[in-house]
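Presented below is the structure to which this report refers.
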Amino acid sequence: MYTTPAVAGDVVYVGSCAGTFWAFDTQTGEVLWTYDIRDAWGTRVNFHGNPLITDSLIITGCDGSGGGHIFGFAGATGDVLWHHSDERGFPCDLAGWGSNVYAVTISDVLTCYDVNSGEVRWTFTGGPVRDSARWSGSPVIAGRRIFFGPRDGFVYALDVDSGNVIWEREMPAPVTTSIVVDASALMLGTKDGTMHRLDQGTGEILAEIALGARPRWRPLLVDHTLMVLVAGEREIVAVDDSLSGVLWRRQFDHQVMSDRPYLWEGQVLVGDSAGTLWSLSPEDGSVAWTVKLEGALRGIGSADSAIIVGTLGGMVYAVRVR
Amino acid sequence: MKVRVVTTVLILALGGVVGSAAQVSGQAAPSSDIESQILWQFDTGG
């Protein structure tokens, strides 16, 4: 389980690294429906990207060496309402805007689909890949623009409806994180160990800060604190959102396996390879509490008062802390 | 609470609602420095 468990009402959705997509009752763990990619398509896939939930659908992508897919499932039944295949698949988190859903392939092609029909509205392909990362960071939407940092070393701002490029900015090194936005800027990390703050309107680089290690995965912005995992996944670095200085660093004895630090009740949750679920203060990185589970903890989400945790081995836990 | 939840999951697994890859293991007791409780757990098999 790599993705963040996605919750809609009383249902939590998780895609497994064994290639099955699951819908559970959040209260009881009852299995409501499943969709097994191997049964349907004969190939093994992984679910690496977070899905997108609408009123009636759940859209999710998967990837694998034998091909990947994006599905529009009926949220209540798991019926496949629409589907597309790709040579390698869709490993990134999906993004949504109105009736559009946006997905990125392993080849860094950004595609906009009609969320209800799956019709392709537009596609965008950046330049040649310049980085060895397995896939790019996930795009994000703000102000009718979708911001995309593929592995070609550029950041792009595209119009959400047309896909037209509004601006592009070549970065000093390939982008190595997903993009995070606030009211006026976007923040991202690059392979040279730097976090950048860019103007949403122009792409101008407003500020930079060197972390001393390569930022990776999906940073988390809480109030004015930006937290990001760095390469090796044994440290989280927190900087202020103007990138004027490092606020704190938190080291871990074991590898942090949850690549998306998760905000829950004002605390930042991460899970490590030894099965420890950590709750950290975003203010100073201090440990509020820990819970020990079995397995390497990867996907972290929540439903009501319960924390939902998926492990590398495929276990799903619903845990209550108080 | 633990017994009720585990029973629910076991019934579902034995009833064939889930695929053969799904497995249910025993309830693991979490250790923590706060009060915590596993409400339910489920092994998807990978």
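Report yes if some residue within segment A:33-44 is over 13 Å from B:Asp43 (Cα atoms), of a type outside the set (Ser, Thr, Tyr), more than 9 Å from chain B (Cβ to nearest Cβ) and touching a residue at least 60 places away in the same chain (Cβ under 8 Å); otherwise report no.
no
Has segment A:194-201 got at least one residue that is surrounded by fewer than 19 Cβ atoms within 10 Å (Cβ to Cβ), polar (S, T, N, Q), touching a residue at least 12 places away in the same chain (Cβ under 8 Å) and in a strand (DSSP E or B)?
Quick first cut of segment A:194-201, residues surrounded by fewer than 19 Cβ atoms within 10 Å (Cβ to Cβ) only: A:199, A:201.
Checking the rest, the ones that are also polar (S, T, N, Q) come to none.
No, segment A:194-201 contains no residue that is surrounded by fewer than 19 Cβ atoms within 10 Å (Cβ to Cβ), polar (S, T, N, Q), touching a residue at least 12 places away in the same chain (Cβ under 8 Å) and in a strand (DSSP E or B).
All but one of (1) in contact (Cβ under 8 Å) with a residue 60 or more places away in the chain; (2) of a type outside the set (Phe, Trp, Tyr); (3) under 22 Å from A:Arg249 (Cβ atoms) hold for A:Leu312, so report the exception by its number.
Going through the list (1) in contact (Cβ under 8 Å) with a residue 60 or more places away in the chain; (2) of a type outside the set (Phe, Trp, Tyr); (3) under 22 Å from A:Arg249 (Cβ atoms), A:Leu312 breaks only (3).
Checking A:Ser244 against (1) buried (at least 16 other Cβ atoms within 10 Å of the Cβ); (2) in contact (Cβ under 8 Å) with a residue 24 or more places away in the chain; (3) out of contact with any Pro (no Cβ under 6 Å at 6 or more places or on another chain), only one condition comes out false. Which one?
(1)
Kindly indicate whether A:Phe90 is within 14 Å of chain B (Cβ to nearest Cβ) and crowded, with 24+ Cβ neighbours inside 10 Å. Step through it out loud before you land on a result.
Working: within 14 Å of chain B (Cβ to nearest Cβ): no; crowded, with 24+ Cβ neighbours inside 10 Å: yes.
It is false that A:Phe90 is within 14 Å of chain B (Cβ to nearest Cβ) and crowded, with 24+ Cβ neighbours inside 10 Å.
Within segment A:170-193, how many residues are assigned to a strand (DSSP E or B), touching a Gly at 6+ places or on another chain (Cβ under 7 Å) and more than 14 Å from A:Ala133 (Cα to Cα)? Don't jump to the end; show me each part of the working.
Taking segment A:170-193 first, the residues assigned to a strand (DSSP E or B) are A:170, A:175, A:177, A:180-181, A:185-190.
Narrowing the set further to residues that are touching a Gly at 6+ places or on another chain (Cβ under 7 Å) leaves A:170, A:175, A:177, A:188.
Add one more test, that the residue is more than 14 Å from A:Ala133 (Cα to Cα), and what stays is A:170, A:188.
Qualifying residue count for the region: 2.
Quick one: count up the residues across segment A:272-296 that are farther than 16 Å from B:Ile34 by Cα and part of a strand (DSSP E or B).
Counting residues in segment A:272-296 that are farther than 16 Å from B:Ile34 by Cα and part of a strand (DSSP E or B) gives 1.
Among the listed residues A:Ser85, A:Ser65, which satisfies the condition of being more than 24 Å from A:Val31 (Cα to Cα), assigned to a strand (DSSP E or B) and of a type in the set (S, T, N, Q)?
Details: A:Ser65 fails: assigned to a strand (DSSP E or B).
None of the others qualify; the one that does is A:Ser85.
A short reminder: the numbers here are calculations on the coordinates, not readings from a lab. All values derive from a computational prediction rather than experimental measurement. Neighbour counts run over all protein chains shown; Cβ positions are idealised from the backbone, glycine included.
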